[in-house]
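Notes to accompany the following structure.
The values are calculated or read from the model by the stated rules, or taken from the named source; none is laboratory data. For clarity, every value in this text was computed on a predicted model and none was experimentally measured. Heads up, the Cβs are rebuilt from the backbone with ideal geometry, glycines too, and the neighbour counts pull from every protein chain shown. With ligands, DNA and RNA removed, areas are computed over all heavy atoms of the protein, side chains included. Shrake-Rupley method; radii C 1.70, N 1.55, O 1.52, S 1.80 Å.
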Amino acid sequence: MDNWDEVRTAYQVARKGTVSGAAEELGVHHATVIRHIDALEARIGVKLFQRHARGYTPTEAGNDLLQVAQATDDQFSQLVARLRGQGQEVGGELVVTSLTAMAPVLVPVLTEFQRLHPELKVRFLTSGRLFRLEYGEAHVAIRAGSPPDQPDNVVQPFVRQKVSLFASEAYVAEHGVPKDESEFAGHRFVGPDDRESRAPFYRWLRDKVPADQVTFRATSDNSVREAVLAGAGLGFLTECEAMRLPGLVRVLPSREEWTAPLWLVTHVDLHRTSKVQNFLTFLKDRARAWP
């Protein structure tokens, strides 16, 4: 592609969804945006957007091109950050990815950090896929389990994620509360759809509970949480989630064998930038108060 300006314009149109939004982001006239899109589509001979009354929607070909454009734009941003070194400004975009279960404690931290730095725009990503720091998809990742071993990443131990076994008040009213695993007979459990889950608490569950007692299975932590709240059975929730959910009864408290270490992961190119260092310091300080 011999005209990066046109590709960058298409990328911003896809992000904003409108010509006017892209024009404002790029600081150009909306006619320039339209001219760039038309020229780019004519050059490659493929429609990149469906035009409609509400704006522009990328076609399949558009999405393919724009994924490359996003990665390239992020790499340019990384380059600028490296060239600027450790400047004192904390602004622009901060992208943090983590497990969904961390949202109850991470969102308040991100919000407080943003209040201290009003120029900062926050993106908090909790998709099931692994965001690739080397492609600029995130500045900071919080990951569980074994230490990540991707090259060029800086990995630091963070906290251990405490998990307990819970039931809803409605379930307890109907079935009672087992004192320990010796009283699990006759109880129903909520578990993962992946029967070979490597989560330490689900490995424990496989050892202690027959498979036919796990009567409700789900593919996401959110769904497990909702099933437990609805009274489908006993299920594992993080202490971070449970502390904000009414109507739960702790059946068994957290055990060391159920906990999973969490890791802070950054890419070496961005690790020393002011934005990332300020956020990591702030996050570690606030994490001392977590359950």
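A few notes on this one:
Residue-by-condition table, conditions (1) touching a residue at least 60 places away in the same chain (Cβ under 8 Å); (2) closer than 24 Å to Gly145 by Cβ; (3) open to solvent by less than 30 Å² (accessible area, probe 1.4 Å):
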| site | (1), (2), (3) |
| --- | --- |
| Met243 | yes, yes, no |
| Val249 | yes, no, no |
| Leu262 | yes, yes, yes |
| Thr266 | yes, yes, yes |
| Lys275 | yes, no, no |
| Phe279 | yes, yes, yes |
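- Remark: Ala22 falls outside the filter, which requires a residue to be touching a residue at least 40 places away in the same chain (Cβ under 8 Å), within 30 Å of Thr273 (Cα to Cα) and not basic (Lys, Arg).
- Inter-residue pairs, beta-carbon under 8 Å, first hydroxyl-bearing (Ser, Thr, Tyr) and in region 185-200, second open to solvent by 20 Å² or more (accessible area, probe 1.4 Å), 6+ apart: Ser197/Arg203
- Taking region 223-235 as the range and being more than 15 Å from Pro104 (Cβ to Cβ) and open to solvent by 10 Å² or more (accessible area, probe 1.4 Å) as the test, the residues that pass are Ser223, Ala230, Gly231, Ala232.
- From the list Phe124, Phe131, the one residue that fits, being aromatic (Phe, Trp, Tyr) and more than 19 Å from Glu241 (Cα to Cα), is Phe131.
- Taken across region 202-212, residues that are over 18 Å from Lys162 (Cα atoms), over 26 Å from the mean Cα position of the chain (by Cα) and crowded, with 19+ Cβ neighbours inside 10 Å do not occur at all.
- Checking Ser182 against (1) hydroxyl-bearing (Ser, Thr, Tyr); (2) surrounded by fewer than 18 Cβ atoms within 10 Å (Cβ to Cβ); (3) closer than 23 Å to Met243 by Cα, the condition it does not meet: (3)
- Residue within region 161-169 that is of a type in the set (A, V, I, L, M), out of contact with any Asp or Glu (no Cβ under 6 Å at 6 or more places or on another chain) and closer than 30 Å to Lys284 by Cβ present: yes
- Among the criteria (1) open to solvent by less than 60 Å² (accessible area, probe 1.4 Å); (2) at pLDDT below 85; (3) under 22 Å from Lys121 (Cβ atoms), the one Glu25 does not fulfil is (1).
- Out of Leu130, Leu106, sole residue that is closer than 30 Å to Asp221 by Cα, aliphatic (A, V, I, L, M), modelled with pLDDT under 85 and out of contact with any His (no Cβ under 6 Å at 6 or more places or on another chain): Leu130
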